1. Against the definition (assigned to a loop (DSSP other than H, G, I, E, B), more than 30 Å from ALA8 (Cβ to Cβ), at pLDDT 90 or above and touching a His at 6+ places or on another chain (Cβ under 8 Å)), how does ILE164 come out, yes or no?
2. I need the full set of residues from segment 60-119 which are at positive phi and surrounded by 11 or more Cβ atoms within 10 Å (Cβ to Cβ), in order please.
3. Report, by residue number, each residue of segment 1-43 that is of a type in the set (A, V, I, L, M), assigned to a helix (DSSP H, G or I) and either at pLDDT 90 or above or in contact with a strand residue (DSSP E or B) (Cβ under 7 Å, 6 or more places away or on another chain) (or both).
4. Inside segment 167-183, can you point out the residues that are part of a loop (DSSP other than H, G, I, E, B) and farther than 21 Å from ARG104 by Cα?
5. Quick check: is even one residue across segment 1-18 surrounded by 11 or more Cβ atoms within 10 Å (Cβ to Cβ), free of Cβ contacts under 8 Å to residues at least 40 places away in the same chain and over 23 Å from the mean Cα position of the chain (by Cα)?
Amino acid sequence: MQLQRLVAFFKTIGDPTRLRIIKLLSQGPLHGQAIAGKLGLTPATITHHLNKLRDVNIVYERRDGNIIYFYLQPSVIKHYASALLDLAERNEVKKEMKEKAAERQKVIDNFFTSGGRLKNIPAQRKKKLIVLEHMLKGLKPGKRYTEKEINEYIKKFHEDYATIRREFIINNYMYRENGIYELNPPEMWHKIDG
């Protein structure tokens, strides 16, 4: 399944009201007024949400006289759920990961000399974070460093150790307490792609 369709589907259902509508329709078909009454919302609001769900084929409608009933299409939900489970195996995800790795490597190649020295600190935030993370690779998690040790480590890359040390702190790569520095867990780091 195309990744964009999968994203569109989950964005559409990622709304609390739409999830409630799906739950209601899983118990059987209902008309718009009944859904509005059960959820305590206006018919216009329900119509808006039903149109969104219809756009991704989760619901369909059938007229019975003057009343339109809405039905859930469980097969569509199962199809997208299966696609989500298969996503880790998909070439699209692997391709996207390779592209991101290639993009990071390109930034590293552009900003570092062949000897590993930083040519200059990138102005663009995303590139700066890639550069900072690359520089952190030589530091050990759980090890405590004095300010002098951090300065000497940074000087291997660039003379402006004060700016880079400050960037390590600002971007949550490290924390400092009483002149002692330690790496934060990667989950705390500012996100490059977010």
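The values are calculated or read from the model by the stated rules, or taken from the named source; none is laboratory data. Source: prediction; values computed, not measured. Neighbour counts are summed over all protein chains in view; Cβ atoms, including those assigned to glycine, are modelled from backbone coordinates with ideal geometry.
1. No, not satisfied.
2. Result: GLY116, single match.
3. ILE13, LEU19, ILE21, ILE22, LEU24, LEU25, ALA34, ILE35, ALA36, LEU39
4. ASN178, GLY179
5. no
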